[in-house]
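Worksheet: one structure, shown below.
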Amino acid sequence: MSDSEGELARNLGFTEAMTMGGGTMIGAGIFILPGIAAEGAGPASALSFAIAGLAALLAAISLSELATGMPIAGGSYHYVNRALGSLFGSIVGWGMWTGLMFASAFYMIGFGQYIVEPIPLLSGRALVVLFGLLGLALLVGVNYYGTEESGSFQNIMIGLELVVIIVYLVVGFFYIDAANLEPFAPTGPSGIIATTGLVFVTFLGFEIIATVAEEVKNPGKNIPLTMILSVVSVTLLYVVVMIVSTGVVPFDELGDSLVPVGDVAEVSMGAAGVAAIVAAAALAAISSSNSSVLAAARVVFAMGRDNLMHDWLNTTHSRFRTPHRAVIATGLLTGLLVAAGLQVEAIIEVLAEVASFSFLIAYSLVHGAVVVIRRAEPEDYEPDFEIPSVLYPWVPIAGIALSMLVITQMNLAVVGIGIGIIVLGIVWYFLYARRQDIDQSLVGDAIVNGSEGIDVDEDQYRVVVPIANPETQKNLLRLAAVSARTHSEGETPEIVAVNITRVPTQTALEQELEFEEQRVETQRELLESAREAAADLDISLRTRAILGRDIGQTLLTVLEEEAADQVVLGDRGHGRRTKEFIFGSTIDPVLKNAPCDVTIANLRRDEIGDVVALAGPGPHAPVAARRAAEFATLSGTTPTLLNVQSPGDGDEDDNPVDRGEAVIEDVAETAGLEPENYESKVLVSEDAQSAIVEEVDSYDTICAGVSEKSSVSKILYGSIAETVQEQTDGNVVMVRGPYETHWKVTEAVAERLSA
């Protein structure tokens, strides 16, 4: 029996998801939009942000249900493609791709404005566009090469931006002049709604949480909580920003400024405040544009995978493993939009509104997808979060109605461009995509089970075996199989073969699909090989293929999900001991924190042969003895339990052999071994280590328990076992039984924050 799964590991907790969603929304828009918004609605632009936030909140509620019911990497495009079909998938795909490119161009024009405008020696639209293109080129390069450090750097930028904004609001509050807030709504209700369409571009960040739904821990709780909370908190922040900005500087003056927040800071914070705002605005523009480029490349890459786009774009770089063609295509088209600023005076408003239009259409279709899927009730749709019955179907209906209301108040030229993009998606579908072999099940294949979705029988003995090398995995499976068979008195034991591909930190958050080709090519081969091995071994096997940032932490998650009783790990040998790691960054976390037995096998010989277990006083010696007995059945031999004693002081009542035999009997009894199931051997020597090394050299396989030797309970590779592995040619198996592990303070705090 076998099964195969493809999935992305759940490593994102509440804090990480909030940073991704809220942090992306607290970006360049907060520095660029206040002037445009004030020009369109005056002080009442605060209401425009509130209405835009309400539209985003309704979308976040619908997306929360879809994201917990279909945790697919890709977000709205995939939900619509699955629910409404490839025609609407093409419309949304083209809309999201172009919308994100328009948003990225909007941010980069704003970046140029904040670089050029405050410097007296610099002026002119050409320089604004030039700096925007240079910034875009930098981001395209970063995404082409896929540097992992940029993910952490972006988090730092978001933190710095937030600090500057808070100071801006606190100081600015004391400079508000109530007279500046009159008239509050100079353009009336229509101006407020029209401005809503312009500022909606800043609320696109929460979509990223849905995009990485596969990676979120406890998705039924954290996805809706982080999406909704991020939208609400950012909406309140923008409302306060507009009240402070229009209260400090008259809205008509603010509307004429290319650097509105900088002008407000000049009044309330002086030259130092202006410098801080300019720096924060530049960082925010880079941060927001980077997110947009990443997400845009992801959408077109996903469309290529689903045959809605030419598969030329659905290719990853052989060295950098990034979707380089999708990144380049996105960068070139975005560059053209930035360059359009040379000819179009109101380019920044056009870019913002077109991006908003595209996503208002996309979210309207998302609301429709919720209704369609609810009515269709597909077997695999079991959302952990559902729109409450008192709000359904009113949330989707209100979401569609509000989106359409905002669109009707947009500039006719913008609506024309938006409709043109929709027509492009329709024409593309009929001329290209419809002729392709579009397999809707591809989306189903992308759906993965989280910890709530994996149905395991906790009464069934289960051994997890991570596999990476076809040459060694069969022997690991043999060890796991023979160990599992000793627990067959109840239900049939199960082996779970897991292959984990590491995804670099930055691209794991924003771009998982780029690893699809590698996963298909390598993991399928490995898992097929595992199934062939299982057929020879007559065991029950299930396979899992997982993508994750940290292999050790990902494996720990798998062990918890599977309620594993044992994990069998392959080790190519020691010699990698460092100050931080004993076995390495993958095995050490598992050895320290796995909630089950851990077996680490360095297999140098094809046969298990004669087996010896070191029966010392350590806490894991009985487990080593039990494993030795299990493995010996593979070669039809009887294991030897070995103990070493010092000669003693010559007292007749103190016989070292008797002492050793007593230790062995105690170890065997704890291990559940009957006397006929093992042979005992006691060595008497002043140098226990040398005696053991010399003795075990005649055996094919040596089993030993790990030891604990530090004040922080870090499990160390015991010195005797280390020497045995270095000085013998046999198989060396290190084991650790279940025991209570302890978190470091820093680890415990991090775990609590991510729970």
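The values are calculated or read from the model by the stated rules, or taken from the named source; none is laboratory data. Small disclaimer: the values here were computed from a predicted structure and weren't measured. With ideal geometry, Cβ positions are generated from the backbone for all residues, glycine too; neighbour counts draw on all protein chains shown. The protein model used for the area step is the full one, side chains on, heavy atoms only, and it has no ligands, DNA or RNA in it. Shrake-Rupley method; radii C 1.70, N 1.55, O 1.52, S 1.80 Å.
What to note about this one:
Residue by residue, here is whether (1) closer than 27 Å to V244 by Cβ; (2) open to solvent by less than 20 Å² (accessible area, probe 1.4 Å); (3) in a helix (DSSP H, G or I); (4) not polar (S, T, N, Q) holds:
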residue	(1), (2), (3), (4)
L33	yes, yes, yes, yes
A50	yes, no, yes, yes
L54	yes, no, yes, yes
A83	no, no, yes, yes
G89	no, yes, yes, yes
F102	no, no, yes, yes
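- Exactly one residue among V239, V234 is in a helix (DSSP H, G or I), among the β-branched types (V, I, T) and surrounded by fewer than 24 Cβ atoms within 10 Å (Cβ to Cβ), and that residue is V239.
- One residue from T522, T578, T557 being modelled with pLDDT under 85, surrounded by fewer than 21 Cβ atoms within 10 Å (Cβ to Cβ) and more than 23 Å from the chain's Cα centre (by Cα): T578
- Test: L63 is part of a helix (DSSP H, G or I), open to solvent by less than 10 Å² (accessible area, probe 1.4 Å) and either under 30 Å from P189 (Cα atoms) or in contact with a Phe, Trp or Tyr (Cβ under 9 Å, 6 or more places away or on another chain) (or both): yes
- Candidates are the residues of the range 243-296 that are charged (D, E, K, R) and in a helix (DSSP H, G or I); the one that is surrounded by the most Cβ atoms within 10 Å (Cβ to Cβ) is D263.
- Boolean, V163 is open to solvent by 20 Å² or more (accessible area, probe 1.4 Å), among the β-branched types (V, I, T) and at pLDDT 90 or above: no
- Qualifying strands (runs of 3 or more DSSP E) (wholly inside the range 607-697; at least 1 residues being closer than 22 Å to P738 by Cα, open to solvent by less than 70 Å² (accessible area, probe 1.4 Å) and modelled with pLDDT of 90 or more): 611-614, 640-645
- Of the residues contained in the range 196-203, one or more are found to be touching a residue at least 40 places away in the same chain (Cβ under 8 Å), open to solvent by 10 Å² or more (accessible area, probe 1.4 Å) and within 24 Å of S288 (Cβ to Cβ).
- If you go through the range 134-160 and keep only what is more than 20 Å from the chain's Cα centre (by Cα) and either crowded, with 19+ Cβ neighbours inside 10 Å or modelled with pLDDT under 75 (or both), you end up with G135, L136, L139, V140.
- Members of the range 430-485 that are modelled with pLDDT of 75 or more and among the β-branched types (V, I, T): V463, V464, V465, I467, V482
- Test: residue in the range 384-400 that is charged (D, E, K, R), without any contact (Cβ under 8 Å) to a residue 12 or more places away in the chain and open to solvent by 40 Å² or more (accessible area, probe 1.4 Å): no
- Options I587, I500, I546: the member that is at pLDDT 70 or above, open to solvent by 20 Å² or more (accessible area, probe 1.4 Å) and within 18 Å of I467 (Cβ to Cβ): I500
- Scope the range 349-370; condition at pLDDT below 90 and either β-branched (V, I, T) or at positive phi (or both); matching residues: V350, V370
- Residue that is farthest from P396 (Cα to Cα), among those in the range 35-91 that are of a type in the set (S, T, N, Q) and under 21 Å from the mean Cα position of the chain (by Cα): T68
- Residue match in the range 188-209 (condition: hydrophobic (A, V, I, L, M, F, W, C) and in contact with a strand residue (DSSP E or B) (Cβ under 8 Å, 6 or more places away or on another chain)): yes
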